[in-house]
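J.: Please find one structure pasted underneath; my questions will follow.
Laboratory data are not the source of any read-out in this text; all were calculated from the coordinates shown. Please read these numbers as outputs of a predicted model, since none were measured by experiment.
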Amino acid sequence: MRRIFVLIFALVFLVAVPAYAQTDLTATGGPDPLTLSVSPDFPTPYQTITVTPSSTVFDITSAVVTAAVNGKQVYKGTGSTGINIQLGGPGTITNITVTASGGGKTYTKKLTLEPATVALVVEPVTTTHPFYKGGSLVASEGPVHIVAIPDFRTSSGTEIDPSTLTYDWSLGDQALDSASGIGQAVLEATAPQKYRDATLSVTVTNPANTMVAKAETTISPVDPITQIYRDDPLLGPLYDIALTDSYTMSGTEDTYLGVPYYFSGSPTLDWTVNGSDSGTDPNITVRATGSGAGTAQIAFTATNSALSLTANSILSVLFGQNKPLGILGL
């Protein structure tokens, strides 16, 4: 599958169906005596929609209006209010016929709706620890993969091959023509700058243009953060417990691991102990020597100088019995 790279400056789901709900001109070029509008614009399967008739030729509010769904009458009254109609599930076809009698004449309008859905999955490419179970967050000006996952089905319930569908991507009101086309379900983009948001949407249609779905998401970069973990000599990094504020050493030596979160690419790392530079590796080992008790302040900082992004964590380590703290860089 070909992927298109899009740069975004200022990235859940909604669904849509085709709403062939309004015709402005008749075959003779004059105004259409009866038009239909559908709300919401992109209804979902099983959703109750509102079909509203209107006319510039006769008074629709005093006309006798009937509505039938798949041949069964579901409404009879005036055209002063919208008509509520429930759609079927994915792949079902809903044929709606609205008839209005006014001014001594009867007018009929038909529309066909085939519900379909599409979901957007946003996959930021940012730093986390290797066993991170959560979803990574968006980094300022960082790479982001956006994947459209449509659910288009035939009337028999068979899923339509997503590679045969057409994907039209947009950034706000701007169409991303180079990123759109048949089978273009994956978009690769760069997130907006810090403190800015970007809205990205995709509209998906089937080859026959009888089904359409739309999804939209807003991409908001977050500030990066750092966390400090104890790196156990037997168990390895204890990622389930982040060390904050203070930590008491149980022995005379401990190793700590610093993890930068939500940076694009690998930031520069830096450790300090009581304000003194103490290494640029992800790990730092501290050892208490001598006698007595004391406290040392350990700081871990991650920096992306190109984007002026910095995050740091500070940990107070309580140790021994008035013992000075020695540093071993791993």
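J.: Taking amide H positions as placed 1.01 Å from N in the peptide plane, with prolines and chain starts having none, which residues 5 or more places from Gly279, or on another chain, fall under 5 Å of its amide H?
T.: Trp271
J.: Moving on. Taking a ≥ b ≥ c as the square roots of the Cα gyration tensor eigenvalues, with a/c under 1.5 meaning rounded and otherwise prolate when a/b beats b/c, else oblate, which class fits region 225-328?
T.: Judged from the Cα gyration tensor, region 225-328 comes out prolate (a/c at least 1.5, a/b above b/c).
J.: Return the label of the correct value of P(r) over Cα pairs in 10 Å bins from 0, in percent, as calculated from the structure shown, out of [x] 6, 25, 32, 26, 10, 1; [y] 5, 19, 18, 11, 5, 5, 9, 12, 10, 5, 1, 0; [z] 5, 19, 18, 16, 13, 10, 8, 5, 3, 1, 0.
T.: Given [x] 6, 25, 32, 26, 10, 1; [y] 5, 19, 18, 11, 5, 5, 9, 12, 10, 5, 1, 0; [z] 5, 19, 18, 16, 13, 10, 8, 5, 3, 1, 0, the calculated one carries the label [z].
J.: Rounded to the nearest Å, what's the spacing between the alpha carbon centres of region 96-137 and region 173-196? Just the number, please.
T.: Going from one Cα centre to the other spans 19 Å.
J.: May I ask you to list the lysines whose Cα is less than 19 Å away from that of Lys105, ignoring any residue fewer than eight positions away on the same chain?
T.: Correct list for Lys105: Lys76.
J.: Ok, one more. Would you kindly derive the ³J(HN,Hα) couplings of region 118-134 from the backbone phi angles with the Karplus curve 6.51 cos²θ - 1.76 cosθ + 1.60 (θ = phi - 60°), listing them in order in whole Hz, with x for Gly and Pro?
T.: Computed from phi, the couplings for region 118-134 are 8, 10, 10, 10, 9, 10, x, 9, 9, 6, 8, 7, x, 10, 5, 8, x Hz.
J.: Sticking with this structure for a sec: Non-local amide H neighbours of Arg153 (under 5 Å, H modeled in plane, Pro and chain starts lacking H): which ones?
T.: Residues meeting the criterion, in which the H sits 1.01 Å from N, are Gly91, Ile160.
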